[in-house]
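Single-structure report; data block below.
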Amino acid sequence: MPYDQAPYGLEMATVLITQRLLEGSLEPLETDGHELIQPGQSGPMSEDELLDAVRRVDGVVCTLTDRITAAVLEAGARERLKVVGTASVGFDHIDVAAAKRLGVAVCNTPGVLDESTADLAFFLILAAARRTSDSEADLRAGAWTGPTLAGHLGVDVHGATLGLVGFGRIARQVARRAEGFGMRVLHHSRRDTGEAGYVGVLEDLLALADIVSLHVPLDTSTRHLIGPAQLAAMRPSSILVNTARGPVVDEAALADALEAGRIFGAGLDVYENEPAVDPGLLAARHVTLLPHVGSATLATRKAIGRLACQGVADLLAGRAPGAPVT
Ligand code: GLV
């Protein structure tokens, strides 16, 4: 049976919800009359907990903090697991190749979080350019002695050149916001988009941009896409923003670059080993650090939860899901 068109047609299934979802999210599964198992946790399930729970369900609704490994998928597929829906756009926490091999369909939640994530990317652009975290830290520490002409200087966002790495839905929403700020927008992606502003060589884009914002999914080709050589290609006056996935950036190299003043600043929402953050980054000035909250608005998180449950309900019923991962 083709993995992305599995006509399961299950009338009453059992679905594991790994994390508490917001109100209304479960409705598509409830409407279809499925039994829901909700351990009620607010954090990720451990691999052992998943290995145990997955044996008794037909479907799983997970989030990006649940590691849906080949072992988890195998344990489920040996029994009755058919569908995994993730309440996230990224699916690097799911072994999609194993799912495909085992005939477990996967769906995600693209589209509904583009605008909120783009808002947050733009917030980080502004925060890093104006070094607002440093200013606020000084103020809170009682180190502010009043406004001075030479104190707390940032760089302008308006009129600057924005370099987008990746040019999918979220990047395009960031580009729209940048137009309002009178920015020149360039982009780089693996395939030539044929659109105005395309730069074919990543290092060229990095050298041209005042602000670089990352919007690529995490896979083997994007792990440490930004390492020492790429940071060296950036200008000392430039800024790096990451709202995509932590491992896209070599965190230790970024901490070194900030420490040495090789770039002006950074804004990060994602980390290589979440929830751990490189001590060098925690100690660095000129960086705004957020705890992976790109899509964290009430409306967006409700929409994400609902879309994930809808996708699982659709697959279980043999309907085509809105967002299959293929
Ligand atoms: C957030 O990082 C997501 O992938 O939805």
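The values are calculated or read from the model by the stated rules, or taken from the named source; none is laboratory data. Quick caveat, the model's predicted, so the values are computed rather than measured. We place every Cβ from the backbone using ideal geometry, glycine too, and count neighbours over all the protein chains shown. Quick note on the areas: whole protein, heavy atoms, side chains included, nothing else; ligands and nucleic acids left out. Shrake-Rupley method; radii C 1.70, N 1.55, O 1.52, S 1.80 Å.
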Relative contact order (%) - region 27-126, alpha-carbon pairs under 8 angstrom, separation at least six: 23
query: Accessible area per residue, 1.4 Å probe, Å², for region 114-289: what's the number?
result: 47
task: Just round it to a whole percent: the fraction of Cα-Cα distances in region 114-289 exceeding 18 Å.
output: 59
- prompt: Using a simple spin-label model with points 7 Å from Cα along the Cα→Cβ vector, what separation in nm is obtained for S135 and V155?
  reply: 1.7
statement: Rh (Kirkwood, all Cα-Cα pairs) for the chain, Å, reads 21.0
- line: With all protein chains present and a 1.4 Å probe, the order of R176, R301, R262 from largest accessible area down is R176, R262, R301
message: Per residue, how big is the convex hull of region 22-100 when only Cα atoms are used? Give it in Å³.
response: 97
message: Per-residue counts of other Cβ atoms within 10 Å, averaged by peptide: what ranking do you get for 94-101, 292-299, 58-65, highest first?
response: 58-65, 94-101, 292-299
message: Within 10 Å, at most 11 other Cβ atoms, and a DSSP state outside H, G, I, E, B define an exposed site. Report the longest part of the chain free of exposed GluC sites (Glu not before Pro).
response: 24-194
message: From the helices alone, meaning DSSP H stretches of at least four residues, give me the mean residue ellipticity at 222 nm for the chain, per-run term -39500 (n - 2.57), in deg cm²/dmol to the nearest 500.
response: -10000 deg cm²/dmol
